[in-house]
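Working notes, structure below.
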Amino acid sequence: MQIGIDSFAAAYDDTSLAVSAAERLSDLVEQIEHADQVGLDVFGVGEHHRREYLDSAPAVILGAAAARTHRIRLTSAVTVLSAADPVRVFQNFATLDLLSQGRAEMVVGRGSFIEAFPLFGLQLKDYDALFAEKLDLLLTIRENEHVHWAGKYRAPLTGQGVYPRPLQNPFPIWLGVGGTPDSFARAGALGLPLMVAIIGGEPRRFRPLIDRYRKTGKEHGYSPDRLTVGMHALGYVARTTQEAADDFFPGYARAFTEVGKERGWPPMTRASFDAQRGPQGALLIGEPDEVAEKILRHSKALGGISRVTFQMNASSLPHAKLMQAIEAIGTRVAPALR
């Protein structure tokens, strides 16, 4: 099982709303470097177009990290493909692959926020159609140096070359999904590895969707070893479970309460948070051995997962705390799972 970290490049920490953006990005690159040093397998950077985050150009951040790391895989988490040009996306990540000597990946998805649509002149009513078409083009570019392709939302390609070509062939592209059944089936039909974002509830309830992914993939002729499943979850590790919970809750509650105002969710309470930390809950928060055991339990419930990534900075934890958690995940949790 591969173990990694995902970051949304939070613009603020729990002590200040006026932290230097340059300092925050410098800290993030240092966190990626530290994850590499402690033996983690992968580090992902999300994509948002909101004031709270600094990750609107994840390939640029990962390119800076490529120069300071040696082994860790570098991925998006996720690339909001619906609002992007697949040609530029492929060029950016192919360049990252060359800079990192073959360590780049992409997780593509539709994203959980909608700011990118008006920002790039797109219509939200085309949400799914845009993603389906752009994913088709991205996969066509991956397979063909000279591309012949036509669609509804972009000018056709009539044999133009797309450069540079990545070092890895094929370049790794995962499909990032939430809870939409058709998204799981789409990943299976295309034979793409699946990254499931589980940020609440009980992970075991995703089992029917993952079974649908595997069944669809088999029906389309893909072998089981190609139909791999990863889990992206909110998590944090500290010396004790109480310390981990007390560190994580304040920022977590603020973030989910603010997002909840946009989506009609009730305010986050400590009781709800503590329930999510329970044996069947989605939050991977606690001391190292407890978290490792919980991941194994979730993996069994989901029929086997090959990658777990911790999203820690949804809680806006300070840099020092994140560095300590990365150390614990790399030196305690990952070895136990392997």
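Tabulated results
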| item | result |
| --- | --- |
| All lysines inside 29 Å of Lys215 as judged from Cα atoms, apart from same-chain residues fewer than 8 positions distant | Lys134, Lys294, Lys300 |
| The chain: angle of helix 181-190 to the longest principal axis, Cα-based, in degrees nearest 10 | 50 |
| Placed amide H near Leu234: partners under 5 Å, 5+ positions off or other chain | Leu284, Gln311 |
| In the stretch 225-317, trypsin sites (Lys or Arg not before Pro) in a DSSP loop with at most 13 other beta-carbon atoms within 10 Å | Arg239 |
| Label-point separation in nm, Glu262 to Asp128, each point 7 Å along Cα→Cβ | 2.2 |
| Under 18 Å from Lys152, Cα to Cα: aspartates and glutamates that are on another chain or at least 8 residues apart | Asp85, Asp126, Asp128, Glu133, Asp136 |
| Expected-Rg normalisation [2.2 N^0.38 Å, Cα atoms] applied to the chain | 0.96 |
| Paired Rg and Dmax values of the stretch 122-271, which use every Cα atom, in angstrom | 19.8, 59 |
| Residue-normalised accessible area of the stretch 117-259, given per residue in Å² at a 1.4 Å probe | 49 |
| Charge context of Asp128, other residues only, Cβ under 9 angstrom, K/R +1, D/E -1 | -1 |
| Extension gain, Thr269 back to His220 (0.36 nm per residue minus Cα-Cα distance, nm) | 13.2 nm |
| Val38 versus Ala64: modelled label distance in nm, points set 7 Å from Cα along the beta carbon direction | 2.1 |
| With Cα atoms, 0 to 90° folded angle of helix 127-143 axis to the chain main axis | 70 |
| Accessible area of the chain belonging to carbon and sulfur atoms, whole % at 1.4 Å probe | 55 |
| Acute angle (nearest 10 degrees) that the helix 86-99 long axis makes with the longest principal axis of the chain, alpha-carbon atoms | 60 |
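The values are calculated or read from the model by the stated rules, or taken from the named source; none is laboratory data. Note that this is a predicted model, so its numbers are computed, not measured. Neighbour counts are summed over all protein chains in view; Cβ atoms, including those assigned to glycine, are modelled from backbone coordinates with ideal geometry. Side chains included, ligands, DNA and RNA excluded: accessible areas come from the protein's heavy atoms. Shrake-Rupley method; radii C 1.70, N 1.55, O 1.52, S 1.80 Å.
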